[in-house]
Amino acid sequence: MEETEVLRIKLEMLRSEHRDLDHAISALQERGSSDMLTIRRLKKQKLFLKDQIAVLEDRILPDIIA
């Protein structure tokens with residue numbers, strides 16, 4: 001498997017995990033959970049994943065200045 005293919009697979013996994021966290025955070029907020037620490041921790045994890053996604057996207061499709 002080529003490096004680009006491996007990166008695309010990892011990128012899809014990270015996006016899926018990011019979506020799952022988004023759904024989990026929404027569910028906790030809708031439920032009116034008073035566990036703000038858990039929600040805050042999930043949001044931090046979601047931001048970390050977003051940063052990793054951005055790095056992988058840059059590696060797959062680097063900006064080319066013409």
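The values are calculated or read from the model by the stated rules, or taken from the named source; none is laboratory data. Source: prediction; values computed, not measured. Neighbour counts run over all protein chains shown; Cβ positions are idealised from the backbone, glycine included.
General remarks:
The rows are residues; the columns are (1) over 11 Å from the mean Cα position of the chain (by Cα); (2) exposed (fewer than 10 other Cβ atoms within 10 Å of the Cβ); (3) modelled with pLDDT under 95.
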{"site": "2", "(1), (2), (3)": "yes, yes, yes"}
{"site": "14", "(1), (2), (3)": "no, no, no"}
{"site": "17", "(1), (2), (3)": "no, no, no"}
{"site": "22", "(1), (2), (3)": "no, no, no"}
{"site": "28", "(1), (2), (3)": "yes, no, yes"}
{"site": "34", "(1), (2), (3)": "yes, yes, yes"}
{"site": "38", "(1), (2), (3)": "yes, no, yes"}
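- Search result, residues across the range 25-57 that are in a helix (DSSP H, G or I) and among the charged types (D, E, K, R): 30, 31, 40, 41, 43, 44, 46, 50, 51, 57
- Residues (within 15 Å of residue 20 (Cβ to Cβ) and touching a residue at least 12 places away in the same chain (Cβ under 8 Å)) located in the range 31-64: 39, 42, 43, 45, 46, 49, 50, 52, 53
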